Amino acid sequence: MGHDEVPRALAMLERATWAARAFSRYGKESVDQIVQAVGKVAAAHAEEYAERAVQETGFGVAEHKVIKNIACSQGIVDAYRDHDYVTPRVDADAKIVRVPRPAGVVLALTPSTNPVCTVYFKILLALMTRNAVVISPHPAAKQVCAAAARTLAEAAVAAGAPDGVVQVVEEPSIPLIDALMTDPRTAVILATGGTAMVRSAYRSGNPALGVGPANVPVLVDATADLAKAATRIVDSKGFDNSILCTNESVLIAEEPIADRLRSLLTRAGAHPLAEPDRDRVRAALFPDGRFDTGFVGKDATWIAQRAGVRVPHGTRVLLAPFDHAVPEEPLAHEKLCPVLGVIRVPSARRGIDVARALLRIGGAGHSAAIHSTDPRTVLAYSTDVPVLRVSVNVGNSLGSAGLETNLAPSMTIGTGYFGRSSVGANLEPEHLVNWSRIAYNADPAEPFGDFAGLDPWRDPTGPVPAYPHASNLSVDRPAPEPAGDNGELRERLRRLIREELAEMIKG
């Protein structure tokens with residue numbers, strides 16, 4: 001990268017600001033037309049970009065990425081087809097009119113683990129809510145993400161969106177991302193990725209919706225349908241080689257059914273590791289006690305081979321037993337690969353305690369899963385473990401992501417106050433809209449206005465003009481600083497942000 005990278009970022013923001021201002025006046029019909037067109041094009045490229053993502057990153061399974069890409073393109077369009085984030089909402093009883101107002105320019109940071117589906121997801125959410133979006137991909141997935149974002153940008157403009165409503169950082173770098181995050185023209189940052197990146201987003205001085213890491217416990221009690229539970233757990237843990245943060249990390253099995261469950265897990269494609277093999281796998285995954293990111297998204301047989309362990313052909317998940325849920329046990333930590341820790345407990349109550357201990361180690365606020373037919377146990381588990389979504393009798397990878405439950409379908413999972421996050425729900429379009437409220441005098445004697453048929457927005461009556469300046473031209477002026485900004489404090493924050501971005505990019 002050369003000396004022009006920061007001016008280039010500022011030019012992108014200027015173009016996005018222009019596009020956001022124009023897009024904010026669009027009516028519902030035009031917005032729907034744009035969203036549907038972009039969703040259709042994204043789905044048409046789902047397979048191509050899934051294969052390119054695996055080639056570029058080395059993570060996951062292309063067939064599974066296709067599923068995610070379709071779910072985050074046409075699936076998102078279908079899920080929100082009847083939602084309206086454009087038309088004012090009139091509550092005559094309360095004498096209040098709620099007017100949707102777009103955030104403006106959304107900076108969307110996307111991870112290497114789920115690259116294309118997250119790009120699809122964030123672009124569509126921005127378009128549904130009439131925001132402009134700048135995609136900043138992880139450097140390890142920059143080529144496929146840039147290609148996907150460009151394809152969707154072209155589809156949006158062809159369907160009538162303003163020029164520049166979707167843009168992408170082609171060559172991410174620390175100065176460029178820092179400039180995008182700290183510029184006051186950025187209305188909100190959507191931070192999906194590692195802890196360092198999320199922290200840097202929060203420190204940017206701009207509003208940020210960031211999420212935290214996971215460490216999903218899954219409890220199987222004595223009342224569970226064991227055959228279904230085993231199949232669902234192996235399918236979930238093996239899905240895309242455990243690249244989703246919602247994948248199960250530790251299986252907690254009630255003692256009376258533990259042996260039977262292990263047999264059924266084996267039949268479903270898991271391989272129980274004997275103690276010496278368990279130790280070899282643990283040592284390979286956690287050299288010096290820290291997870292080796294070289295194992296992220298690799299398949300079970302590849303991991304076993306690297307660890308010097310023989311497993312049957314077609315093994316999808318490695319079962320790694322351990323005794324104590326303590327920080328010193330590496331297998332009690334998050335594992336973005338198909339290695340599933342296993343603990344036996346004498347009772348469901350003890351299993352709940354173990355789940356709490358695992359979440360103290362990491363993953364608070366994120367997700368947990370349970371396989372049970374006892375509502376008392378389900379409720380006790382759900383109210384005692386410090387997470388904001390609990391999947392019941394479903395694989396958690398797609399359950400907590402809302403693809404196999406009725407949670408909001410999402411690639412950005414909020415961890416709330418438990419996980420020190422600004423958002424606790426699965427990210428959805430509602431999070432990118434502000435609602436202005438027109439509130440009339442509550443006195444019944446004071447009449448409420450008749451808003452029937454009134455709409456402040458207007459669909460474009462002709463072709464949308466192109467942005468007057470190309471975004472790749474040199475920009476000489478510096479970024480405007482907010483009024484009253486403390487220059488010394490802002491520079492200290494920028495140093496912190498650069499340090500954390502450097503850590504994120506190395507990962």
For segment 404-436: of the residues being hydroxyl-bearing (S, T, Y) and without any contact (Cβ under 8 Å) to a residue 60 or more places away in the chain, which is surrounded by the most Cβ atoms within 10 Å (Cβ to Cβ)?
T405
Of all the helices (runs of 4 or more DSSP H) wholly in segment 315-417, which have at least 2 residues that are more than 25 Å from the chain's Cα centre (by Cα)?
348-361, 375-384
Could you please give the count of residues in segment 1-52 that are of a type in the set (D, E) and more than 26 Å from the chain's Cα centre (by Cα)?
4
How many residues does segment 322-355 contain that are among the charged types (D, E, K, R) and surrounded by 18 or more Cβ atoms within 10 Å (Cβ to Cβ)?
4
Across segment 136-169, the tally of residues that are within 25 Å of G205 (Cα to Cα) and in contact with a Pro (Cβ under 9 Å, 6 or more places away or on another chain) stands at 6
Could you list, ordered by first residue, the pairs with Cβ atoms under 7 Å in which the first is in segment 330-348 and in the same structural domain as E254 (by TED's automatic domain parsing) and within 14 Å of R282 (Cβ to Cβ) and the second is β-branched (V, I, T) and in a loop (DSSP other than H, G, I, E, B), at least 6 apart or interchain?
A332/V326; C337/V296
Considering residues of segment 299-314 that are modelled with pLDDT of 95 or more and more than 30 Å from the chain's Cα centre (by Cα) only, the residue nearest to G58 (Cα to Cα)
Q305
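Please state which one of D91, D4, D84 is farther than 20 Å from L427 by Cβ, of a type in the set (D, E, K, R) and at pLDDT 95 or above.
Working: D4 fails: at pLDDT 95 or above; D84 fails: farther than 20 Å from L427 by Cβ.
So the residue among D91, D4, D84 that is farther than 20 Å from L427 by Cβ, of a type in the set (D, E, K, R) and at pLDDT 95 or above is D91.
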Going through (1) without any contact (Cβ under 8 Å) to a residue 12 or more places away in the chain; (2) more than 25 Å from D163 (Cα to Cα); (3) outside any loop (DSSP other than H, G, I, E, B); (4) not hydrophobic (A, V, I, L, M, F, W, C) one by one, D82 fails only at (3)
Find all pairs meeting these conditions: Cβ atoms under 6 angstrom apart; at least six residues apart or on different chains; first residue within segment 160-185 and in the same structural domain as A20 (by TED's automatic domain parsing) and β-branched (V, I, T); second residue assigned to a loop (DSSP other than H, G, I, E, B) and modelled with pLDDT of 95 or more.
none
Tell me whether segment 198-211 contains one or more residues that are part of a loop (DSSP other than H, G, I, E, B), surrounded by fewer than 18 Cβ atoms within 10 Å (Cβ to Cβ) and of a type outside the set (V, I, T).
yes
May I ask you to say which residue of R130, R101 is in contact with a strand residue (DSSP E or B) (Cβ under 7 Å, 6 or more places away or on another chain), crowded, with 22+ Cβ neighbours inside 10 Å, among the charged types (D, E, K, R) and modelled with pLDDT of 95 or more?
R130
Need pairs with beta-carbon distance below 9 Å; first residue in contact (Cβ under 8 Å) with a residue 40 or more places away in the chain and on the phi > 0 side of the Ramachandran plot and within segment 99-111, second crowded, with 23+ Cβ neighbours inside 10 Å and part of a loop (DSSP other than H, G, I, E, B); sequence gap 6+ or separate chains.
G104/N131; G104/T186
Are there any pairs with C-beta distances below 6 angstrom linking a residue in segment 48-67 that is farther than 21 Å from L403 by Cβ and among the basic types (K, R) to a residue that is in a helix (DSSP H, G or I) and modelled with pLDDT of 95 or more, with the two at least 6 apart or on different chains, and if so which?
R52/V144
Tell me which residues, restricted to segment 373-389, are surrounded by 20 or more Cβ atoms within 10 Å (Cβ to Cβ) and either touching a strand residue (DSSP E or B) at 6+ places or on another chain (Cβ under 6 Å) or among the β-branched types (V, I, T) (or both).
T377, V378, Y381, V385, V387, L388
A227: passes all of (1) small (G, A, S); (2) assigned by TED's automatic domain parsing to the domain that holds H271; (3) touching a residue at least 60 places away in the same chain (Cβ under 8 Å) but (3)
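The values are calculated or read from the model by the stated rules, or taken from the named source; none is laboratory data. For clarity, every value in this text was computed on a predicted model and none was experimentally measured. As a convention, Cβ positions derive from the backbone with ideal geometry for all residues, glycine included, and neighbour counts pool all protein chains shown.
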